[in-house]
Each structure stands twice: as structure tokens, then as C-alpha cells.
Amino acid sequence: MSDLDHEIRRGLERLTDPAGASGPLTFDRVAARRRQRRIRRAALAALPAIALLAIVAGVMTRDAGGRVDIATGEDTDVSSPSGTDGAVTVQRTEVLGGDGGTARVVMEFDGPLPGREIRYSDDVPAGGAGDAILYTIQDAGSVQVCDSVHSFPPPAEGTVDFFIPADWFADGVDTHTSPLETIANPAKFVSCGPHDGYFQYSTWGPVSVDRSDVAIAVDPDGRRLTVQIGPPPTQFGDEVIPFGSPTLDQAGADAAQSVVTAFLADLRDGDLTSAAQRWSGYPELGPDAPPAERIPYIEELLSDPAFTRILGAGTEIVVTPSWGFSTAAPVVTVLAPRHGDDPPVAVAFLVGGLEQDPETVWIHRLPATGDGSMQGLAGSRVEPGQEIVIPGVPIEGGARAFVGRDEIPVAVDLENSTMAITVPEGVDGDIAVTISTATPELPGADAFAVTVGSP
Amino acid sequence: LQVGLHVTDDDIRRFLDEDRDRVVRVVTAVCGDRQRAEDAVQEALVDVWAKGRRVDDVARWVTTAAVNRARSRWRSLSAERRAFQRLAARTPDALDEAPFPFDGRLAEALGALPRAQREVVALHYLLDLSVVDIGAFLGVADGTVKTHLHRARSTLRAALHGSTAAEEDASDVRS
């Protein structure tokens, strides 16, 4: 180790020396917090002994068959509930976002549910399975999801949780892998269980958690459960609205396209200083980093042969909304069509800064390159109806996919950390597929190009 | 988290006795705020213990969780909203504009480093992690770690001695 390394190490140790800082963390402080949680659980159950047993039981079941629920980062048990006659499996779950949070959840089953009764519960149910669907409301500051307690920051006020008796499900059913379709940016939808006799479905992020705002019903044939939060869905519509409030308006899309077009023009002109000023520096650099520090990242982009394809003639640009809650940053996708032996290429830019002043629009994320991108999928020939599996999953929330400007469903497979789309009917030739994923910070965005149909 | 044992009280005591101070140092170096670092470590520790998580290495898990907590003051929805509000003001990362209250040349240089470089420096010098380990820790390529470390050392060298990048190039970075 060099003298410089020693000097830096010593300096860092001095800087971070705890002497004089606030009191050290003690075991008692941690233990006190844990006791508070135990007490809370006991209060929920109104019987401390049962509550403690529930905790122990939860740990034991995770040991037996646990796996990770990526949406929550928690272990979730997938061991089979005991089967019963007439038990069902979940065929599909649809979660619809609205202005202010999740607006509606619809679960479809392959047969009639064994029971139709629905009851409100003042708390998360504890103490064993029941014979009815229960629902409750939890405060955003303390959201109990099976064995875990989460919090959810403002403006959300809470969650709506519903519970289906575990023994209503067919033996061996894993509800976590049933298809989940998220539409118009619901905040977060988490499932877990079986726990205390129920599978829990937690709908995060309603701005209002007034019990009177929640309507839950089973269709007469028993095959469809609908949880409606807030106004009826007619206010939002069943259609995806890529450029409608609250996702992205046309002015924002136009501004985003302009800044990317200007950025590409700078690159063609060799004016890297100007190009660098159109990029925020996120996430590598601080906001005040001078262009000189940003230019190396631009040069790295230019060293990628796939990226430089979009600097040629004949490119197409489309703007789509990214994953978002009440706002969605625009994603500008640039497609360079197949040229001779060169396959088509598509790259995506996440653009920001639209809300306050269109004059300050800038590129927020540069396109990913090399191994960190989806370019490994590029250039394939596919057919309508063919499924394309994409590596990666959203860290929180969901994902959106577009072919050109048209949004298509994307299935997120948390178990295998992949997403899948199906090439829609009616498209032909070179197409750009844009994927945006939710993260705890700003959305991720990437794109790739494929050719639909035969040469 | 898929593997490993549930954390026991003894694990927590051992962490507090042997590792906690080092982890707080790392998080302090990353976020520039010892109180926030202590809070982040404590929250991570409570999380790993109270939720009955299964982990192989408590210190490593708590460090990762605490750095993540310190790294981002925003989560989920409010995070996104605040972030968009910040975009127009050209402040894409709240942490990068947070005050770094320590005094001295090294502190000023450390506080001026981009967040990613600061994290790499803290993990390398305070936890003695190799480039490969840091890459695995942060989920980035080894080359990215080397680049961040190289740039950070150049900046810190210049701050301490006013030396050039060429001199820095001559230094060896353990990988």
C-alpha cells in the first residue's frame, strides 16, 4: 500500500472517529425496538401468547420452504396450503393505478371461490384461518405484510389489504407466480403467505384510506374478486393512456424529443461540450460537475458501435412514458433500422425536468451500453405472437413496455428475474422495444430493436 | 437473503462489539453525517433482527442496507416526486448536495467526490475491501470500481499534495 493510501486511510479514520459523537448504539436500544414490535403484534391479536406463537410459526415456515419476494425484499413462504374440495387457483391479477394511488385490483380464479362472504377487519387477522375474505386498512407508517412491517412515505396515507383463506387455494398453488398485470402505474402490489391461515394481498399507496372509500366484491359466479379504492374506474378508464394525465403530456414529449435531438446533433458535430451540458450527470456525477467531467462519459457512449448507429441517417424517434406514479419521465427511444448486414439498433434516453420549466429539460439517464444494456437482444428476427424474455426486473413497483408508441403488456417474473413481452400482431419490419422499470429513485429505461417477419 | 441463518441475539452482540463502529465509519464517510449514519446502521440492524431475516454475514448485510439507506433519503413515491421537482433545479441527487460538515482538506475533497466515488473510497479504505469485493458489494463491474477508485485517489492526492494525475497513475490499486 502506498503512502497515499495510508494517508487517506488515516485521514478517513480520523474524520469518522466516533469520539465525541452521539452515544453508541446499545443492545438495549435495539432490543427495545424489537419488544415494541412484539407488543404491537400482541395487541393486534389481543392475546400475547398467540401472537408470539404466530411469530415462531412464521419463522418455521420460512425455514421449510422460504424464498424471496423481490417486491418486498422479504422471505415469503410458498409452502402449499392444505387443499380442499372446490379449491381454486389464481389465473390472473390486474392492478390498476389512478390519480393518487392504486385504484383497483381484480383477481380472476379458475373456478368459483369456496366462499363469498366479505368482512371488514379492524386489524390484520391473526389467530388462524377463517371462512371469509377479510379486508383492512393499515396506516402508511406501519404496514404489516405477513411477518414484516414496512413504512410508506407521504403522500400515501396507507394501504388496503385483503386476505383470502389459504385453504381456499388448490394444493400446491403458488399465488406469487400468477400473472400480474399492472396498468397506469399502481404504486405497489405485494402478496405473501400463507400466514396465519391467509394469503395477504397488500395494495400500497392509496392517498385516501377511509374505509368508506373501499368497495370489495365477488362476482356472482365467484370467479372474480374486485377491490375498488376511491372513485369508480370510469374516472380512469380501462385503457392505457400513454400521453394522458397523469403519465405524460404531449408538450413534455415534444420537449424531451427536442433535447435528445439536439444532443445527437451535438455528437454529430463533435461538440461534446454542448452535448455534456444537455446531460444532468446523473447518476455518476454531482449536479455542478463541469462539462469537462461529463465528457468522458459521452466519449464512452461514442465508443460503443451500437450507439453510434443512431447518429446515422434514417433514424426514427418515439417518446413514451416511463414507469411513474403521478408523473412519468419521458423516455426517448431512437431506432436505427437494419442497414445491410448491420442489425437494427434502438437506444433509450430518460429525460427529466419537465414539471417546472420546459427550458431546463435535460437528459437524465444516458443509454446503457455494452453488457449493461439490452443490446444482447438486438437484431433478432421474431414473429408476431412470439415471446421475448428480457433480463432484469423492477426493483420496486412495476415495468412498462412499448413497441414503438404502443404500450404492450409486460409480465414480470420475480422468481427468475426476467420480464417477458409478446410481439404484437400487425407489426412488421424493424421495431424498437422500450422497457422502463421502477426503482426506488428514478425509473430505469432501456431499449432494443428486433425485426418482425422474414427478410 | 435466500440463504443463511436467522440472526440471533449473539450475532447482534458480536456485531455491536466487533463491527458496528467500522460500519458506522463507512456510512459516515459516504453520507458525511455521523448521526444519519448511526441512524441508518441502527435501522438496518433492527431490520435484520426484528424481521427474522436470514443472512450469512450480519456485518456485510447491515453495511449494505445502511449505505443504501444513507444513499437515498427518498423511497418509493415521495422519492420520485421529489426527484422530479429537483430535476429542473439541476440537482439530481439529494445526497450530492447534502452538506459534508467535516473540516480539512481531505474532508473537503471527500465531500466533493461524486457519491459513487465516495462509496468506493469508504469501502476500500475503511473496510479494506478489494476491488472485486467492492464490485460485488455495490453490484457494479470491477472496471467501474477501478475507475471510481482511480479518479477518487487522484482527487484526494491533489487535495492533500497538489500532485498530478500522472503521478497517481503510477500508484497501484489492489484488485
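The values are calculated or read from the model by the stated rules, or taken from the named source; none is laboratory data. This structure is a prediction, so every number in the text was calculated from the model and none was measured. So basically every Cβ, Gly included, is an ideal-geometry build from the backbone, and we count neighbours across all protein chains shown.
Candidates in region B:139-168 are the residues that are at pLDDT below 85, within 12 Å of another protein chain (Cβ to nearest Cβ) and touching a His at 6+ places or on another chain (Cβ under 9 Å); of these, the one that is surrounded by the fewest Cβ atoms within 10 Å (Cβ to Cβ) is B:Glu167. Considering region B:45-63, the residues that are more than 7 Å from chain A (Cβ to nearest Cβ), more than 14 Å from the chain's Cα centre (by Cα) and part of a helix (DSSP H, G or I) include one that is modelled with the highest pLDDT, namely B:Val58.
In this structure, A:Asp139 qualifies as within 22 Å of the chain's Cα centre (by Cα) and more than 23 Å from A:Val412 (Cα to Cα).
May I ask you to list the residues in region A:191-223 that are among the β-branched types (Val, Ile, Thr) and within 23 Å of A:His150 (Cα to Cα)? Explain how you work it out, then say what you get.
So the first thing to find is which residues in region A:191-223 are among the β-branched types (Val, Ile, Thr), and the list is A:203, A:207, A:209, A:214, A:216, A:218.
Residues satisfying the conditions are A:Thr203, A:Val207, A:Val209, A:Val214.
Regarding region A:186-193, can at least one residue be identified that is crowded, with 20+ Cβ neighbours inside 10 Å, at pLDDT 85 or above, part of a strand (DSSP E or B) and not aromatic (Phe, Trp, Tyr)? The answer is no, given that none of the residues of region A:186-193 is crowded, with 20+ Cβ neighbours inside 10 Å, at pLDDT 85 or above, part of a strand (DSSP E or B) and not aromatic (Phe, Trp, Tyr). What about B:Arg118, is it more than 20 Å from A:Gly281 (Cβ to Cβ) and either part of a helix (DSSP H, G or I) or at pLDDT 80 or above (or both)? No; evaluated as a whole, the condition is false for this residue.
Each residue in region B:12-27 was checked for being without any contact (Cβ under 8 Å) to a residue 60 or more places away in the chain, under 26 Å from B:Arg115 (Cα atoms) and at the interface with chain A (Cβ under 8 Å from one of its Cβ atoms), and 3 of them qualify. Screening region A:115-172 for strands (runs of 3 or more DSSP E) wholly inside it with 2 or more residues that are at pLDDT 85 or above returns the ranges A:118-120, A:133-139, A:158-165.
Check whether at least one residue in region B:4-11 is at the interface with chain A (Cβ under 9 Å from one of its Cβ atoms), at pLDDT below 75, surrounded by fewer than 17 Cβ atoms within 10 Å (Cβ to Cβ) and touching a strand residue (DSSP E or B) at 6+ places or on another chain (Cβ under 9 Å), and report yes or no. Yes: region B:4-11 contains one or more residues that are at the interface with chain A (Cβ under 9 Å from one of its Cβ atoms), at pLDDT below 75, surrounded by fewer than 17 Cβ atoms within 10 Å (Cβ to Cβ) and touching a strand residue (DSSP E or B) at 6+ places or on another chain (Cβ under 9 Å).
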